[in-house]
Amino acid sequence: MAKHILVTGGVSSSLGKGITAASLGRLLTARGHRVLMQKLDPYVNVDPGTMNPLEHGEVFVTEDGGETDLDLGHYERFIDENLHRASSVTTGQIYSTVIAKERRGDYLGKTVQVIPHVTDEIKARILLLGEDADVVITEVGGTVGDIEGLPFLEAIRQLRYDVGREHICYVHCALVPFIAPTGELKTKPAQHSVRELRSIGIQPDALVCRSDRALDAELKRKIAMMSDVDLDGVVSAHDASSLYAVPLLLRDEGLDDFVVRRLGLDPAVQPDLAEWERLVARAIEPRDSVDIAVVGKYTDLPDAYLSVVEALGHAGVHHGVEVRVRWVPADELVSPSEARRVLQDVDGTLVPGGFGARGIEGKVSAARVAREQLIPYLGICLGLQVAVVEFARHVLGLAEAHSSEVAPDTPEPVVDLMPDQYDVADMGGTMRLGTYPCKLVEGTRAQAAYGEAVVYERHRHRWEVANRYRARLEGAGMRIAGVSPDDRLVEMIELATHPWFVTCQFHPEFRSRPTRPQPLFRDFVGAAAQRMRERSGRLPETPLEVDQTASTLTG
Ligand code: GLN
């Protein structure tokens, strides 16, 4: 029987509830438990795939093609486990299922209600994960008191009766703000939030207090007393130097000890965090820094590219450099000369995934500057497509070359719809989604990075390099470095005579892990660091030692 940890949040959003949940996950995996994690999102969309990134941040893609909340990315990176679409549950999915069952007659004429039908469906989704895990950590999105969150909170309340009190642990994250004029941390908001939770019938077992500084023993005692939580269940989660320091901080606060005792897991086993500690030590003391331009549409909201930023960070830790991301709004690169001015002195340029026309010419220019000025370039999905458009225009001389996504009537659609996407009308979940194999070509940088013949990476796109231009692109110096096993689809393209210009139709950022940087990101940042050193005459760091037995990213 799996143990269940239910994480809720109060007072305010953006408290780092996802990081808290993921950190607890890491502490439990480090004790040898098989942990699976799940996010319950109260919004009515079926998944975030159709949402504007400015609303929701990045869409994280799972191996099986689920378009999910970005917190799943944190979970995967912290617990080092590939999660599936079942780990992402929304009100939209729950109601779709309940309504489909009602139409089929599954409820045998009963009145279908939030309690029990909707709550039963939510519980079924939580219990499903328990079939494959020792511990399931379920995070409820939103804050306690939100109207749309009520069915989820009711479901996790009932879960206690279904699985038994001894198998369940409620962890509540609440804000403990510092009020500058009086110089004090204030506990009232946290108390109110616990009261709100108790009014729904949930008594938290542990209270994670988010604040900008550590809570002292006196304050913890006060919160414990007012909230009826055991003193050792009140932990301070103050701002940390790095995201990856949070598991260590929560361990020092004793959160995992408390949870393990509460759930009747073996308290004698201590977490093995040696590799994680090396990672954190290295992450907070990097020596040199590299400047990487990320040219995108949503540069005001870095969360829209969260996994890209994380993957760059992992690669930076590997090479012992700090990666400084320079956010470049694509639509500000209004001309090739402006692009050159903005981009010519960065150490590397990355064009991430994207959709639609806005900023597209700026991205094309960014690829051009990188190609002409020999600046390391990593193009992801749309970043591959703009590199192909740029090359077709300026090297092949096809001045009107474009992607038919942006210019449906272009006479030279070097990037075109995949045949099976022509008739798709629904916008949700209809792309080429999830993991596909990619066959790598010997002697390419891609192959050198991966060191494998076939790799498996996650996709999310509709357009593709048009096959009828393949020979011409290759003839002029683009090297097709990866293809689908049936050779029908171009998956990777690079430039043969460039220090490091590698592009991929998939999203490598989703597979990067803190102690195992994704190979393309690793070599991209390596090439950027080399450029930085050539320009500044500095010596390289020794790469971080990692456990090589776990270093394969394929299969
Ligand atoms: N818009 C492009 C396509 O659908 C690229 C998608 C992406 O970058 N994820 O093919």
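The values are calculated or read from the model by the stated rules, or taken from the named source; none is laboratory data. Keep in mind that this is a model prediction, so the values were computed, not measured. Using ideal geometry, Cβ is built from the backbone for each residue, glycine included, and neighbour counts are taken over all protein chains shown. Protein only, heavy atoms only, side chains kept; ligands, DNA and RNA dropped before computing areas. Shrake-Rupley method; radii C 1.70, N 1.55, O 1.52, S 1.80 Å.
At 0.36 nm per residue, minus the direct Cα-Cα distance, what do Arg533 and Asp420 gain on full extension? Give it in nm, one decimal, please.
Stretched fully, the Arg533-Asp420 segment lengthens by 36.0 nm.
Would you work out if the range 186-271 is rounded, prolate or oblate? Take a ≥ b ≥ c from the square roots of the eigenvalues of the alpha-carbon gyration tensor; rounded if a/c is under 1.5, else prolate when a/b is larger than b/c, oblate otherwise.
oblate
Work out which chymotrypsin sites (Phe, Trp or Tyr not before Pro) in the chain are exposed loop sites (DSSP not H, G, I, E or B, at most 15 other Cβ within 10 Å) and give the longest gap free of them.
Excluding the exposed sites themselves, the longest stretch runs over 108-421.
Roll a 1.4 Å probe over the protein chains and send me the accessible area per residue for the chain in Å².
Solvent-accessible surface per residue comes out at 40 Å².
List the residues of the range 378-416 whose backbone N lies under 20 Å from a point placed 7 Å from the Cα of Asn45 along the Cα-to-Cβ direction.
Those under the cut-off are 382.
What is the gain in length, in nm to one decimal, between Glu148 and Glu372 on full extension, counting 0.36 nm per residue of separation less the C-alpha to C-alpha distance?
This chain segment gains 75.4 nm when fully extended.
At 0.36 nm per residue, minus the direct Cα-Cα distance, what do Trp327 and Ala448 gain on full extension? Give it in nm, one decimal, please.
Gain on stretching Trp327 to Ala448: 40.7 nm.
Hand me the tally of lysine pairs in the chain: alpha carbons under 17 angstrom apart, and the pair either on different chains or 8 or more positions apart.
11
Under the rule a/c < 1.5 gives rounded, and otherwise a/b versus b/c splits prolate from oblate, where does the range 7-80 land using the Cα gyration tensor?
Here the range 7-80 falls in the oblate category.
Can you give the calculated 222 nm mean residue ellipticity of the chain, where each DSSP H run of n ≥ 4 adds -39,500 (n - 2.57) and the sum is split over every residue, rounded to the nearest 500 deg cm²/dmol?
-10500 deg cm²/dmol
Measure off 7 Å from each Cα along the Cα-to-Cβ vector at Asp212 and Asp487, then give the distance between these two points in nanometres to one decimal.
Once both label points are built, they end up 6.2 nm from each other.
May I ask you to list the trypsin sites (Lys or Arg not before Pro) in the range 135-215 that are in a DSSP loop and have at most 13 other Cβ atoms within 10 Å of their Cβ?
In loop regions of the range 135-215 (DSSP not H, G, I, E or B), the sparsely surrounded trypsin sites (Lys or Arg not before Pro) are Arg213.
Restricting attention to the range 465-506, which trypsin sites (Lys or Arg not before Pro) occupy a DSSP loop and are surrounded by at most 16 other Cβ atoms within 10 Å?
Loop-located and lightly packed - Arg488.
Can you tell me how the range 390-512 classifies by the Cα gyration tensor, rounded, prolate or oblate, using a/c under 1.5 as the rounded cut?
oblate
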